[in-house]
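As structure tokens, the structure follows; a few thoughts come after it.
The values are calculated or read from the model by the stated rules, or taken from the named source; none is laboratory data. Source: prediction; values computed, not measured. Virtual Cβ from ideal backbone geometry, glycine too; neighbours counted across all protein chains shown. With ligands, DNA and RNA removed, areas are computed over all heavy atoms of the protein, side chains included. Shrake-Rupley method; radii C 1.70, N 1.55, O 1.52, S 1.80 Å.
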Amino acid sequence: MLKSKNKVIIIFAQIVIVFSSLVVPQSTDSLFNSELYPFIVDSINLSGNEITEDFIILRELNFSIGDTLTQQNSFYNRERVYSLGIFNHVYFIPSIVESKKILTIELEESWYIYPVPFIDAKENDFKKLSYGMFLRIKNFRGRNEDLTASFALGYDPTFLLSYYNPNLIGKENFFFRSTISYSDASNKSPAANMLLGNNFSQKVVGVRLLIGKRFGLFNRLYLNSGYSYIETPFYIPGINASNNRIDNLVELGIGFEHDTRDLSQFPKNGIFSSFNYSLKGLGFDDISYSAAWFDFRQYQKVFDQLISKWRFASRLTFGEAVPYYDNSILGANERIRGHYFEKFEGNDYYIGSVELYYPIIEELNIDLTFIPIIPDKLLSYRVGFYTQIFAETGLAKYKSEPLAINKFNTGYGLGITLLVLPYQIFRVEVAFNELFESQLIFDLGISF
């Protein structure tokens, strides 16, 4: 077993070294090397937004006409516009026309309709395969609205329909999200499995509504509400929150986000923090408890192109009758690399991460529009290739247990990340636990 793990590590390292030696690092600095910086902006022109309304783009800028724009701030704002997720490419081009200093923002809109079949190994277990169709319609009225529908069969059958509007009322910065879902979901709580002696499923029908307002560029305050019909094949206290095998769970909460990140898909600079507190049950069916969630992340350049990021997050529950299906579980939505396939359960959890990453290719624009039949907007990408090292630790505990440092589960490792924006991010990582036992991780999206 140890020899096979060592082989995995050696092969992974060889791939990174060979690829790194073949590719010359590239920088985005060449995109912003105009000698016109800094300059006072006399006019802002938008080009290429065939569908997207102008105000959707302009509301992301931290400067306006009459302000002085530096090269650094130009790059930051370009990444903010790209963070909308509806453009293949974004360029900020300064020029002087008849002594008037003009900033042209050149845009290439991405493809907005995504019917994608998928196969998913739930909990990274190939014995738990789910398959179905994911349909997403982005920016369909030019206001960055998002309509999503999906269904999955096989393990944990699900159906979901979601609508998001970032500008519900004119340009007043009110946003709205609604979601309807159904699932026949396998229990995720190890404690519930131990109590029953075997695994089981629960049918869940849910409706969720969220409405909020953005204040300035960086702050969002919202109210969320929801109702879940949770049907279990039997009644056992703790597995059920009510005195019946069917729980009618009402939820009402409030949340706040502060987000100064440059590129939200893959940040290199800025802070993201969020807090949510939700009342669960509200006394209906004798269900009454609450949950709080906190997340803080910081991204910054260390030197040259080396980027650091760190994170601390926690989920806390309050009340005497928190059901197992709403326990705080590391190994479900949140995972500890090095203990990636393990579950740790409690009323509360805490997780901390730190990571350093460096670009092998910081940004490369790829154009494959010579390929026939496929729409051109699906054949243009912003590609990046990074290598990273990381360490993270986490603990899930019940209220009766002490918060002890020696109880934390820790992992560390290294990996590579491939960005194919605006569509997807791929990660391959080798992680180790405290006993230097290794595991190979294939995942989508950034770690945090």
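Tabulated data
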quantity	calculated
Gaussian network model of the chain, Cα within-10 Å springs - most flexible of Ser314, Ser99, Ser225	Ser99
Counted charge near Lys203, where neighbours are those whose Cβ lies closer than 14 Å (Asp, Glu -1; Lys, Arg +1)	-3
Cleavage-rule hits, trypsin sites (Lys or Arg not before Pro), the stretch 118-181, DSSP coil, Cβ neighbours within 10 Å at most 14	Lys127, Lys128, Arg141, Lys171
Cα lying deepest toward the dipole's positive end in the chain, options Ile441, Gln300, Asn406, charges on Cβ	Asn406
Relative contact order computed over the chain (Cα-Cα under 8 Å; 6+ residues apart), in percent	10 percent
Net charge over other residues, Cβ less than 14 angstrom from the Cβ of Val250 (K, R count +1; D, E count -1)	-3
29 Å Cα-Cα reach of Lys213 towards lysines, excluding residues that sit fewer than 8 places from it in its own chain	Lys138, Lys171, Lys268, Lys280, Lys309
Cβ-placed point charges (K, R +1; D, E -1), dipole of the chain about Cα centre in debye, nearest 20	580 debye
Aspartates and glutamates with Cα under 18 Å of Lys100, excluding same-chain neighbours fewer than 8 positions away	Glu35, Asp42, Asp67
Ordering of 353-362, 35-44 by packing [mean C-beta count within 10 Å, highest first]	353-362, 35-44
Over the chain: helical MRE at 222 nm, DSSP H runs n ≥ 4 each giving -39500 (n - 2.57), nearest 500	-3000 deg cm²/dmol
Heavy-atom surface of the stretch 233-302, accessible at 1.4 Å and reported per residue (Å²)	44 Å²
Acute angle (nearest 10 degrees) that the helix 71-82 long axis makes with the longest principal axis of the chain, alpha-carbon atoms	50 degrees
Lysines with Cα under 23 Å of Lys407, excluding same-chain neighbours fewer than 8 positions away	Lys188, Lys343, Lys397, Lys399
Ser225 versus Tyr131: modelled label distance in nm, points set 7 Å from Cα along the beta carbon direction	4.1 nm
Peptides 274-286, 396-408 ordered by average Cβ neighbours within 10 Å, highest first	274-286, 396-408
Overall Cα dimensions of the stretch 229-317 - principal axes, largest extent first, Å	60, 24, 19
C-alpha long axis of helix 2-22 to longest principal axis of the chain, angle in °	10 degrees
